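Handing you this structure, nothing more for now.
The values are calculated or read from the model by the stated rules, or taken from the named source; none is laboratory data. Since the structure is predicted, the reported quantities are computational estimates derived from the model, not experimental observations. For neighbour counting, all protein chains shown are included, and Cβ atoms are generated from backbone atoms with ideal geometry for every residue, glycine included. Each accessible area value is taken on the protein alone, full model and side chains, heavy atoms only, with ligands, DNA and RNA left out. Shrake-Rupley method; radii C 1.70, N 1.55, O 1.52, S 1.80 Å.
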Amino acid sequence: MSHIQWRKSSYSADAPDNACVELAHAPGAAVLLRESDDPDVIIATTPAALRQLMERVKTGEFDHMADR
């Protein structure tokens, strides 16, 4: 997957211990996600599913999980 162009948020610092989620377009219509500190683990999804997840995150639907 060396041909994949990964992107991370401009809000992410480049410090070695600063892990962040990176996104990339895959051939076809898939969107790839990975965590920068574990780049060999890649999740593929669709743009629609990612958009729905982001909408739910923004509305706070998963905030209760941070309390653990």
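Counting only protein heavy atoms and using a 1.4 Å probe, what share of the accessible area of the chain belongs to carbon plus sulfur, as a whole percent?
Details: 3030 of 5640 Å².
Looking at the chain in its full context, I get 54 percent from C and S.
Give me the 1.4 Å probe accessible area per residue for the chain, excluding ligands and nucleic acids, in Å².
Values: 5640 Å² over 68 residues.
Value returned for the chain: 83 Å² of accessible area per residue.
What's log10 of I(q)/I(0) for the chain at q = 0.19, 0.22, 0.24, 0.25 Å⁻¹, Debye sum over Cα points only, no solvent?
-0.91, -1.11, -1.20, -1.22
While we're looking at this one, here's another question. Given the -39500 (n - 2.57) contribution per DSSP H run of 4+ residues, what per-residue ellipticity at 222 nm results for the chain, rounded to the nearest 500 deg cm²/dmol? Please list the in-between numbers first.
Values: 1 runs with 12 residues, N = 68.
Dividing the helical sum by the residues of the chain leaves -5500 deg cm²/dmol.
Determine the sum of side-chain charges near GLN5: Lys and Arg each +1, Asp and Glu each -1, restricted to other residues whose C-beta is under 13 angstrom from that of GLN5.
On the way: positive: ARG7, LYS8, ARG34; negative: GLU22.
Its environment carries a net charge of +2.
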